[in-house]
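Reviewing the structure listed below.
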Amino acid sequence: MYIDILPNDNLEEAVMATFSEKGDKKPIQRIRLWRQQEWQWCAITGWQDEEACQAHIILIEESGDGEAMLVTGGNQGLRIARIKDADAEMPEWDLDDDEQWAEGFLICTMDIEVD
């Protein structure tokens with residue numbers, strides 16, 4: 001899998017990376033991330049052509065480090081927002097919302113919690 005994201009309104013810097021896929025991608029809407037010294041549930045979406053799209057997680061071979069989980073979005077990366085818990089409603093995705101942030105992709109450990 002090759003990721004090539006140009007600078008855009010969601011993600012200011014270009015992102016390029018190549019990964020060796022080892023499984024099928026699965027759609028996700030929520031992910032538990034380590035942020036600000038604690039585990040936090042976050043809503044996650046892909047960002048494609050200035051709007052939300054499906055985010056996915058896939059098993060990869062991380063060069064030299066073994067297996068990992070890769071989270072990808074659209075041609076403009078990922079959009080993420082902290083939520084109360086795994087059952088919380090999805091936020092209204094908005095590039096002007098200071099409570100939301102962007103990532104090109106995420107590499108997570110094999111035990112990452114997703115929904």
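Structure summary
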item	result
Residues of the stretch 76-87 that turn out to be surrounded by fewer than 19 Cβ atoms within 10 Å (Cβ to Cβ) and more than 12 Å from Gln29 (Cβ to Cβ), as a count	3
Meets criteria (more than 21 Å from Pro7 (Cα to Cα), surrounded by 15 or more Cβ atoms within 10 Å (Cβ to Cβ) and not polar (S, T, N, Q)) for Met90	no
Residue selected from the stretch 104-115 under the condition of a type in the set (A, V, I, L, M) and part of a loop (DSSP other than H, G, I, E, B), by the criterion nearest to Gly74 (Cα to Cα)	Ile112
Test for Gln48: is it over 13 Å from Met1 (Cα atoms) and either of a type in the set (Val, Ile, Thr) or touching a strand residue (DSSP E or B) at 6+ places or on another chain (Cβ under 7 Å) (or both)	yes
Tally, over the stretch 2-37, of residues that are under 25 Å from Ile83 (Cα atoms), modelled with pLDDT of 95 or more and charged (D, E, K, R)	6
Per-region count, the stretch 76-89, residues hydrophobic (A, V, I, L, M, F, W, C) and modelled with pLDDT under 95	2
Neighbours by Cβ (under 8 Å, 6+ apart or cross-chain): first from the stretch 30-51, buried (at least 19 other Cβ atoms within 10 Å of the Cβ); second part of a strand (DSSP E or B) and of a type in the set (Ser, Thr, Tyr)	Gly46/Thr72
Residue ID - farthest from the chain's Cα centre (by Cα), chosen from residues in the stretch 52-75 that are over 14 Å from Met110 (Cβ atoms) and either loosely packed, with under 13 Cβ neighbours inside 10 Å or at pLDDT below 95 (or both)	Gly64
Residue, farthest from Asn8 (Cα to Cα), within the stretch 78-103, restricted to residues that are part of a loop (DSSP other than H, G, I, E, B), touching a strand residue (DSSP E or B) at 6+ places or on another chain (Cβ under 8 Å) and without any contact (Cβ under 8 Å) to a residue 40 or more places away in the chain	Glu99
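The values are calculated or read from the model by the stated rules, or taken from the named source; none is laboratory data. Being a predicted model, the structure only gives us computed values, none of them experimental. Here Cβ is always computed from backbone atoms with ideal geometry, including for glycine, and neighbour counts include all displayed protein chains.
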